[in-house]
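Let me begin by presenting the structure, written as C-alpha cells, before commenting on it.
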Amino acid sequence: MKRKAPISGLLVTVEEAFLHCGRALIRVRAWDPDARIDRSIYPTYGQVLADLIKGANAAEIDADKDKANQERL
C-alpha cells in the first residue's frame with residue numbers, strides 16, 4: 001500500500017453543538033446491543049450503485065472501489 005501525505009488539512013474546533021431532538025437518541029437505541037443490525041446484511045457500495053444505475057455491475061464497482069482506495073487514498 002502506498003502512503004501519501006495529504007496536500008492540505010482542515011482542523012475544526014466545535015465550540016457548541018445542538019441535537020435536533022434528544023428523544024431521537026433514546027428512540028434509536030444506539031447503545032442497546034439488541035437493537036444493532038448485523039453489518040453483513042447491508043448491501044455493498046457496488047450493490048447499491050448497481051440498483052441505481054442500469055447496466056452497472058456490482059462486483060466490478062466493489063473491486064474498483066477497493067483498488068482505488070488502496071492506490072489513491
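The values are calculated or read from the model by the stated rules, or taken from the named source; none is laboratory data. The structure presented is a predicted model; accordingly, all values stated were derived computationally and were not measured. All Cβ positions, even for glycine, are placed from backbone atoms using ideal geometry, and neighbour counts span all protein chains on display. Areas reflect the complete protein model, heavy atoms only, side chains present, ligands, DNA and RNA absent. Shrake-Rupley method; radii C 1.70, N 1.55, O 1.52, S 1.80 Å.
Taken residue by residue, the range 1-10 has no member that is open to solvent by 90 Å² or more (accessible area, probe 1.4 Å), out of contact with any Gly (no Cβ under 6 Å at 6 or more places or on another chain) and assigned to a helix (DSSP H, G or I). Within the range 1-54, the residues that satisfy the criterion of being under 21 Å from L73 (Cα atoms) and small (G, A, S) are A5, S8, G9, G46.
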